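The values are calculated or read from the model by the stated rules, or taken from the named source; none is laboratory data. This one's a predicted model, so the numbers in the text were calculated from it and none came from an experiment. Every residue, glycine as well, gets a Cβ built from its backbone with ideal geometry; the counts of neighbours run over all protein chains shown. SASA here: full protein model, heavy atoms, side chains in, ligands and nucleic acids out. Shrake-Rupley method; radii C 1.70, N 1.55, O 1.52, S 1.80 Å.
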Amino acid sequence: MSRIGRMPIAIPAGVTVDIAENNKVTVKGPKGTLERVLPAEMEIKVEGAEVTVSRPNDLKKMKSLHGLTRTLIANMVKGVTDGYEKVLEINGVGYRAQKNGKTLVLSLGYSHPVEMIDPEGLESVVEGTNKITVKGIDKEKVGQYAAEIRAKRGPEPYKGKGIKYADEVIRRKVGKTGKK
């Protein structure tokens, strides 16, 4: 039995979970509303103040979907109550970030500034000139936008310049040595 799939999801006060046909789950909370169509084979039930997910049989595909479905619902509930955030750091001489309305302007050593518009439902906050925080209620979108920002100038192993996640460790390499 799936240890993750079996665990019930507690619904905090102020959050409502609705399940429509074809397993369309809608979660409403203080921070907003999220909806997602989950695999139709899974059986999702709201019992009192918790959500349970069960699977029809023990096929390998059903076992995989069981834990996934439960985790997706749990992430939606956490998103509408607390929200998600990813912190990115910019390292490098002359590399900086600025916020211009809904546009994030990055100076990353290219001949032009890189401009990125915040997607719907997400916001990016610049602290100082080298710290960007991406906030939102959808875990997937927050992670995707943070990855897109990081991809504009990924960290390099020799000098450690570029954009990295705050909790990411860059494995440094030794540069080439001169002739004697």
If a residue must be touching a strand residue (DSSP E or B) at 6+ places or on another chain (Cβ under 9 Å) and over 21 Å from Pro113 (Cβ atoms), how many such residues does the stretch 145-170 contain?
7
Taking only pairs six or more apart or across chains, which ones have beta-carbon atoms under 7 Å, a first residue in the stretch 157-180 that is under 18 Å from Leu106 (Cβ atoms), and a second residue that is surrounded by 13 or more Cβ atoms within 10 Å (Cβ to Cβ) and among the acidic types (Asp, Glu)?
Gly162/Glu156; Lys164/Glu89; Ala166/Glu89
Every residue in the stretch 123-158 that is open to solvent by 80 Å² or more (accessible area, probe 1.4 Å) and at pLDDT below 90, please.
none
Scan of the stretch 160-176 for residues that are surrounded by 13 or more Cβ atoms within 10 Å (Cβ to Cβ) and of a type in the set (Lys, Arg), ordered by number
Lys161, Lys164
Does the stretch 101-118 contain at least one residue that is acidic (Asp, Glu), over 22 Å from Gly160 (Cβ atoms) and touching a residue at least 12 places away in the same chain (Cβ under 8 Å)?
yes
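Being on the phi > 0 side of the Ramachandran plot, in a loop (DSSP other than H, G, I, E, B) and not basic (Lys, Arg), is that true of even one residue in the stretch 142-158?
Let us first name the residues in the stretch 142-158 that are on the phi > 0 side of the Ramachandran plot, namely none.
The answer is no; no qualifying residue exists.
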Could you check, for the stretch 96-113, whether at least one of its residues is closer than 22 Å to Ile170 by Cβ, open to solvent by 90 Å² or more (accessible area, probe 1.4 Å), of a type in the set (D, E, K, R) and in contact with a Ser or Thr (Cβ under 6 Å, 6 or more places away or on another chain)?
yes
